[in-house]
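S.K.: First the structure, then my questions, so here it is.
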Amino acid sequence: MKNSVAERSTSRRRLLFAGFAALIAGIFGSRKAAAAATKSLGEPMTTHMRNGEPPFQPLDTMLLFERGDENNGNAITHEVLSLIHEEKGKNSYPWTLYTSLDTHHENGDACGVCCRVHKHGPGWSSGLHSEVYCHHRGTAIGANIEMTNDYTGSEESQVIGLNIQAVGGAKPMRHGIQIHDGGNHFETGIHLNGKGATGVDLEGNYGVGINMRNNNVRLNEGACVELDGKGEIKVRYKNNRIEFLNGDRCFGHLDVNGRDHAL
């Protein structure tokens with residue numbers, strides 16, 4: 001009986017040691033495979049690297065790359081940091097650059113990504129540039145913004161998807177938003193897909209609210225053009241009639257099938 005118990009104990013110890021050895025081998029094997037897949041090139045990286053003499057900026061940063069150039073040769077790009085990422089898997093969520101900001105500040109400005117450009121020459125410049133080449137089905141978006149507001153307090157909370165702020169200068173700037181489509185690639189320039197109180201709100205004071213130039217204004221049958229601030233005096237097309245309304249009451253109409261005559 002004692003021999004049987006001792007044999008079972010010895011067998012359990014052997015099984016435990018075998019499992020532990022397999023675990024150690026798996027850990028070191030995976031590290032070895034990762035080391036073989038990752039190749040290190042160039043100089044050891046430090047927290048501050050400086051190339052040239054760029055203008056000094058008082059930054060409280062943990063990692064700083066600086067580069068100051070005077071390039072007059074071939075027209076090629078000159079990067080400070082380049083990230084190249086290729087994903088060939090079919091079930092994946094590749095995010096080449098990810099930033100996360102969790103802030104509780106009350107005074108100051110919070111910004112997940114800040115891009116600043118000082119344009120001193122006549123060349124084309126952009127604070128943020130995105131290029132998307134669509135080669136397959138599905139959705140391709142140049143810049144995607146997802147917003148959520150779960151604040152339940154009584155104070156005002158403004159959540160804005162895209163904010164373009166003019167902060168001055170010697171001359172007025174040309175456009176707040178501009179869409180270039182000289183080759184007629186967009187079926188729709190701006191598409192609002194949703195439901196709310198107002199689709200487009202021109203709160204400012206402009207000489208011309210909307211300049212349609214050579215373009216038409218189109219409404220579905222029954223939709224109105226409102227002629228006062230309260231939306232009571234309206235004009236609409238409905239049932240082959242152009243109707244003039246005061247609230248819900250039609251006080252005059254034109255029969256679109258009637259004879260041509262002067263009004």
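S.K.: Scan region 174-189 residue by residue and report those that are under 23 Å from the mean Cα position of the chain (by Cα) and farther than 19 Å from SER130 by Cβ.
M.R.: ARG174, GLU187, THR188
S.K.: Looking at the structure I just gave you, is VAL200 under 27 Å from HIS175 (Cα atoms) and of a type outside the set (Lys, Arg)?
M.R.: So VAL200 fits the description; yes.
S.K.: I would also like to ask the following. Within region 153-173, identify whether any single residue is farther than 23 Å from HIS118 by Cα and surrounded by 10 or more Cβ atoms within 10 Å (Cβ to Cβ), and answer yes or no.
M.R.: The answer is yes; a qualifying residue exists.
S.K.: Can I ask one more? Please find, among PHE17, PHE56, the residue that is out of contact with any His (no Cβ under 6 Å at 6 or more places or on another chain) and either outside any loop (DSSP other than H, G, I, E, B) or modelled with pLDDT of 95 or more (or both).
M.R.: Unique residue meeting the criteria: PHE17.
S.K.: Determine if region 33-50 includes at least one residue that is surrounded by 10 or more Cβ atoms within 10 Å (Cβ to Cβ), assigned to a helix (DSSP H, G or I) and modelled with pLDDT under 90.
M.R.: Looking through region 33-50, at least one residue is surrounded by 10 or more Cβ atoms within 10 Å (Cβ to Cβ), assigned to a helix (DSSP H, G or I) and modelled with pLDDT under 90.
S.K.: Please work out if GLU203 is among the charged types (D, E, K, R) and modelled with pLDDT under 95.
M.R.: yes
The values are calculated or read from the model by the stated rules, or taken from the named source; none is laboratory data. Values in this document were obtained by computation on a predicted structure and should not be read as measured data. Glycine also receives a Cβ, built like all others from the backbone with ideal geometry; neighbour counts cover every protein chain displayed.
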